[in-house]
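S.K.: Sharing a structure with you now.
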Amino acid sequence: MSSHVKETSLQDGRIIVLKLKGNFVGGDETDELQNSIKKLSEEGNLKLVIDLGEVAYLNSSALGVLISAHANYTKRGGKVKLCQLNKNIENLFVITKLSLIFDTYQSEMEAVAGFSD
């Protein structure tokens, strides 16, 4: 596992948290994110939190990965939640209307708690 995506498992593996780090601009780091999500999906994970606290920038390729993750999880009856978006990424989500699709939270703890809704 390289340094861009760190996976943590909570609640006996029922909830997975992916902590992203760096800029996600369609290179190896974006492929790594896509592969991590694909692996989790194939393993049957239904509750995914993506922590963007250490991400400065996402481009359209990275957004595409998040959107396809959302579609994949929704289709399987699961959910993807995002947390710790910085102002720029938050604005990007508002402008692109992705804020209407994704559940976003201030903290990882709040995102995890959101699964009990």
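S.K.: Kindly list, by first and then second residue, each pair from a residue in the range 83-101 that is closer than 19 Å to K19 by Cβ to a residue that is part of a helix (DSSP H, G or I) and polar (S, T, N, Q), limited to pairs with Cβ atoms under 7 Å and residues at least 6 apart or on different chains.
M.R.: Taking only residues 6 or more apart or on different chains, the pairs are F93/S99.
S.K.: Could I ask something else about it? Could you list, in sequence order, all residues of the range 10-21 that are modelled with pLDDT under 95 and assigned to a strand (DSSP E or B)?
M.R.: L10
S.K.: If you don't mind, another one. Among the listed residues G78, G53, G44, G64, which satisfies the condition of being at positive phi and at pLDDT 95 or above?
M.R.: One residue alone meets the criteria, G44.
S.K.: Could you give every pair whose Cβ atoms fall below 7 Å, whose first residue belongs to the range 6-19 and is closer than 23 Å to T30 by Cβ, and whose second residue is assigned to a loop (DSSP other than H, G, I, E, B), counting only separations of at least 6 or pairs across chains?
M.R.: Correct list of pairs: I16/N45.
S.K.: A follow-up question, please. For the range 30-50: of the residues being touching a Leu at 6+ places or on another chain (Cβ under 8 Å) and either of a type in the set (F, W, Y) or free of Cβ contacts under 8 Å to residues at least 60 places away in the same chain (or both), which is nearest to T74 (Cα to Cα)?
M.R.: Here the answer is L48.
S.K.: Kindly establish whether A69 is in a helix (DSSP H, G or I), under 23 Å from S3 (Cα atoms), in contact with a Cys (Cβ under 9 Å, 6 or more places away or on another chain) and of a type outside the set (K, R).
M.R.: Judged against the criteria, A69 is not a match.
S.K.: To continue, here is another question. Would you be able to say whether some residue in the range 32-40 is exposed (fewer than 14 other Cβ atoms within 10 Å of the Cβ) and outside any helix (DSSP H, G or I)?
M.R.: Checking the range 32-40: not a single residue is exposed (fewer than 14 other Cβ atoms within 10 Å of the Cβ) and outside any helix (DSSP H, G or I).
S.K.: A further question on this structure: Output the residue which, of all residues in the range 69-117 that are under 19 Å from V55 (Cα atoms) and small (G, A, S), is nearest to the chain's Cα centre (by Cα).
M.R.: A69
The values are calculated or read from the model by the stated rules, or taken from the named source; none is laboratory data. Remember, predicted model here, so these are calculated numbers, not experimental data. Using ideal geometry, Cβ is built from the backbone for each residue, glycine included, and neighbour counts are taken over all protein chains shown.
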